[in-house]
Amino acid sequence: MSEGHTDVTTPAPAEPVVSCAEECGVRDVQDRLGDRWTVHVVVELAAGPRRFKELQRLVDGVSQRMLTFTLRRLERDGLVSRQVFPTTPPQVAYSLTETGHSMTHLIKQLIDWSLDHRSTIARSREAWDARNPA
C-alpha cells in the first residue's frame, strides 16, 4: 500500500437474487407451502378434482383430521374450491382454483430442483455426519 493510500478497496457487494425489504407476503406463502401436507394435496389435485376419501388414499400417511385442516386452509387462501353435490349422503369434491393451478409451476420447479440436487445433498449430509458424530 502506498503512503498516501488510505482507502480500503473491497469489491462491491453482488446484487441479491431475491429480496424482500418490505412486507412482501412471502411468509404467508412459505407457511402454506412449508406445512407437511399442502404440497402433496396440491400435487394430487393438479391431476383434477378429487373426492375427500380419494385424496386421503392418495396422500399417504395423512389423517382425516389433518387432510380436513389442510383443505380448509387451502380453501380459505383461495387455492382450492370445494363443491358439494346434493346426493344422499352428500358428496364433496375438491379442485384447484386458477390461483392454485398457478402455484403448481412453483411446486414443479421445487420438485425438479430437489431431484437435481438430491445426491449432492445426501453426500453433504454424510460428510457432515462423519465430521460431527453425535
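The numbers here are math on the coordinates, done by the rules we state, and not lab data. Remember, predicted model here, so these are calculated numbers, not experimental data. Cβ atoms come from the backbone with ideal geometry, glycine included; neighbour counts cover every protein chain shown.
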Task: Relative contact order %, the chain, counting alpha carbon pairs below 8 Å whose residues are six or more apart - done: 20 percent
Open item on the list: Among 122, 46, 93, which one shows the highest mean-square fluctuation when the chain is modelled as a Gaussian network with alpha-carbon springs under 10 Å?
Closed with: 122
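By how many nm would the segment from residue 83 to residue 122 lengthen if fully extended, with 0.36 nm per residue of separation less the alpha-carbon distance? Don't jump to the answer; show the numbers that get you there.
Details: separation 39, 0.36 × 39 = 14.04 nm, distance 4.21 nm.
Roughly 9.8 nm would be gained on extension.
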Task: Charge dipole (the chain, unit charges on Cβ, about Cα centre) - positive-most of 29, 49, 84 - done: 84
TODO: Using mean projected area of the Cα convex hull in nm² as the read-out, say which of (i) 10.8; (ii) 10.3; (iii) 15.3 was calculated from these coordinates.
DONE: (iii)
Task: the chain: angle of helix 64-76 to the longest principal axis, Cα-based, in degrees nearest 10 - done: 70 degrees
